[in-house]
Amino acid sequence: MRLAAVALTLILAAGGASAEMRGHGGPVRALAVAPAGDLAVSGSFDNRAIVWDLGRASAAQVLRHHDGSVNAVAVLPDGGIATGGADGRIALWRLGAPDPVRVESAHEAPVAGLAVSPDGATLASAGWDGVVRLTSLADGAARVLAGHGGPVNAVAFAPDGTLVSAGYDATLRIWPDDGGPERAIQLPTPLNALAIAPDGTIAAGGADGVVRLLSPAGETRAEIGTQPLPIIALVLSPDGTRLAAATIRGSVAIIDVAARSVLFTLVGPGLPVWSAAFAPDGETLYTGGGDAVVRAWDARTGEPVGGPILDAAEDPLARFAGSRGAEVFRACAACHTLSATEGERAGPTLAGIFGRRIGTAAGYDYSPALVAMDIVWTPETVAALFEHGPTAYTPGSKMPEQRILAAEDRQALVEFLAEAAR
């Protein structure tokens, strides 16, 4: 395994500098750039993290440990790396070492986000088990913060050490660093992403495509619409003047925080942009896409670094224009294909789903909990999945928590699958 990792590193490094860094075998779920701007680390649905030499735009090291997608990464103050996985574990790494120096069994469900405290002493993690965990980087001592009513998707520290978390329950929670009770702010939509500016302004991105700016105390100051699509990544420039909000369709809105308006939109291949990170000077933005590529953009102009984007993908649902079921399915298309020839993404292909027993699609690595279930996918069981949500209907699933509340939308989805996924 170690020899294979070294071989892959050498092959990738030989490719030379490029604005597109290729090496992952699945969507790039997480990105972070080192303070010096020389290295970046990415996590992917392929269960690996890659350390990138940004000067050469090539891979410097491949990190293998997790038994599921690497959903979160962070660069530590001492130059180390933290990775959080769908296996609920957090791994701490030293550059150049083939194995983690420490592993924490942090959550009972996937880790969705990581953040390092301003003093560099504590690592916060967001879990789909509904809790936030604070882990001492010195000795592993942990404190669990419970309060969210569902999966926690993001965590971030304010400059004064206050922790903020955002969840699928549509609440933003502010946790004082003195251990006092949290303040819960109810927002209109499930929250997927979070960032905090140097002045303490909180930015939250949700399923309705709106970026909300809140005061350090949680009062809403502005609502900035991007596109009517879920925001799945949100990152602030180091000086706090610009926000990058990435959507499930691949566009990235660059927002002027002071003007509270969209400056311009980066247009990629049309696949989800799962992650983003600014360079320390704020002039370059890196994005991680559903096509397994890390891309560099000029954050001042919105142009891709090095010229036009290669291999731009067509909208896979374009032929279903006007179909309500296809529009409902767009959120599913981030992780599932409709044709067996397209292979897998984060989840198994849905080709031939009706009549298939759960956990049996060829070639996909299912969780043991799903393999043990006695469910056959039919229009009725698929509708029930989205009526009740994966956490309740298929506990132990790697699938993100999501529900389709309107019965007519669930019906449109199953009718669409009956036609498109045969």
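Give the residues of segment 62-119 that are of a type in the set (Val, Ile, Thr) and in a strand (DSSP E or B), sorted by residue number. I'd like the intermediate steps shown before the answer.
From segment 62-119, those of a type in the set (Val, Ile, Thr) are 62, 70, 73, 75, 81, 83, 90, 101, 103, 111, 116; that's our starting set.
Selection gives VAL62, VAL70, VAL73, VAL75, ILE81, THR83, ILE90, VAL103, VAL111, VAL116.
In this structure, does LEU229 turn out to be among the aliphatic types (A, V, I, L, M) and in contact with a Leu (Cβ under 8 Å, 6 or more places away or on another chain)? Write out each step before concluding.
On the way: among the aliphatic types (A, V, I, L, M): yes; in contact with a Leu (Cβ under 8 Å, 6 or more places away or on another chain): no.
For LEU229, the condition - among the aliphatic types (A, V, I, L, M) and in contact with a Leu (Cβ under 8 Å, 6 or more places away or on another chain) - is not met.
Report yes if some residue within segment 159-168 is at pLDDT 95 or above and in contact with a Ser or Thr (Cβ under 7 Å, 6 or more places away or on another chain); otherwise report no.
no
Can you give me the number of residues within segment 366-419 that are among the aromatic types (Phe, Trp, Tyr), under 19 Å from ARG330 (Cβ atoms) and in contact with a Ser or Thr (Cβ under 9 Å, 6 or more places away or on another chain)?
Residues that pass the stated criteria total 1.
Considering every residue within segment 296-317, establish whether at least one is small (Gly, Ala, Ser), surrounded by 19 or more Cβ atoms within 10 Å (Cβ to Cβ) and at pLDDT 85 or above. Full working, then the answer.
First, the residues of segment 296-317 that are small (Gly, Ala, Ser): 296, 299, 302, 306-307, 312-313.
In the following step, the residues that additionally are surrounded by 19 or more Cβ atoms within 10 Å (Cβ to Cβ) were identified as 296, 299.
Going one step further and asking which of them are at pLDDT 85 or above, we end up with 296, 299.
Among the residues of segment 296-317, at least one is small (Gly, Ala, Ser), surrounded by 19 or more Cβ atoms within 10 Å (Cβ to Cβ) and at pLDDT 85 or above, which makes the answer yes.
Any residue in segment 30-49 that is among the acidic types (Asp, Glu) sitting within a Cβ distance under 9 Å of a residue that is outside any loop (DSSP other than H, G, I, E, B) and surrounded by fewer than 20 Cβ atoms within 10 Å (Cβ to Cβ)? List the pairs, counting only those 6 or more apart or interchain.
ASP38/ASP53
Test ALA32 against the criterion of being more than 24 Å from GLY167 (Cα to Cα), modelled with pLDDT of 95 or more, out of contact with any helix residue (DSSP H, G or I) (no Cβ under 8 Å at 6 or more places or on another chain) and not in a loop (DSSP other than H, G, I, E, B), and give yes or no. Even if it seems obvious, please write down each step before you answer.
Numbers: more than 24 Å from GLY167 (Cα to Cα): no; modelled with pLDDT of 95 or more: yes; out of contact with any helix residue (DSSP H, G or I) (no Cβ under 8 Å at 6 or more places or on another chain): yes; not in a loop (DSSP other than H, G, I, E, B): yes.
No, not satisfied.
Search segment 351-410 for residues being touching a residue at least 24 places away in the same chain (Cβ under 8 Å), among the charged types (D, E, K, R) and assigned to a loop (DSSP other than H, G, I, E, B), and hand back the single one that is surrounded by the fewest Cβ atoms within 10 Å (Cβ to Cβ).
GLU401
Filter segment 171-211 down to the residues that are part of a strand (DSSP E or B), surrounded by fewer than 21 Cβ atoms within 10 Å (Cβ to Cβ) and of a type in the set (D, E, K, R) and list them by number.
Hit for segment 171-211 is ARG183, nothing else.
Would you pick out the residues in segment 71-95 that are within 21 Å of ASP38 (Cβ to Cβ) and hydrophobic (A, V, I, L, M, F, W, C)?
VAL73, ALA74, VAL75, LEU76, ILE81, ALA82, LEU92, TRP93, LEU95
For segment 249-288, name all the residues that are part of a loop (DSSP other than H, G, I, E, B) and free of Cβ contacts under 8 Å to residues at least 40 places away in the same chain. Give the steps one after another, and end with the answer.
Narrowing segment 249-288 to residues part of a loop (DSSP other than H, G, I, E, B): 249-250, 257-260, 268-272, 279-283.
Once the filter is applied, which keeps residues that are part of a loop (DSSP other than H, G, I, E, B) and free of Cβ contacts under 8 Å to residues at least 40 places away in the same chain, segment 249-288 yields ALA258, ALA259, GLU283.
The values are calculated or read from the model by the stated rules, or taken from the named source; none is laboratory data. Just so we're clear, the structure is a prediction, and the values are computed from it rather than from any experiment. Heads up, the Cβs are rebuilt from the backbone with ideal geometry, glycines too, and the neighbour counts pull from every protein chain shown.
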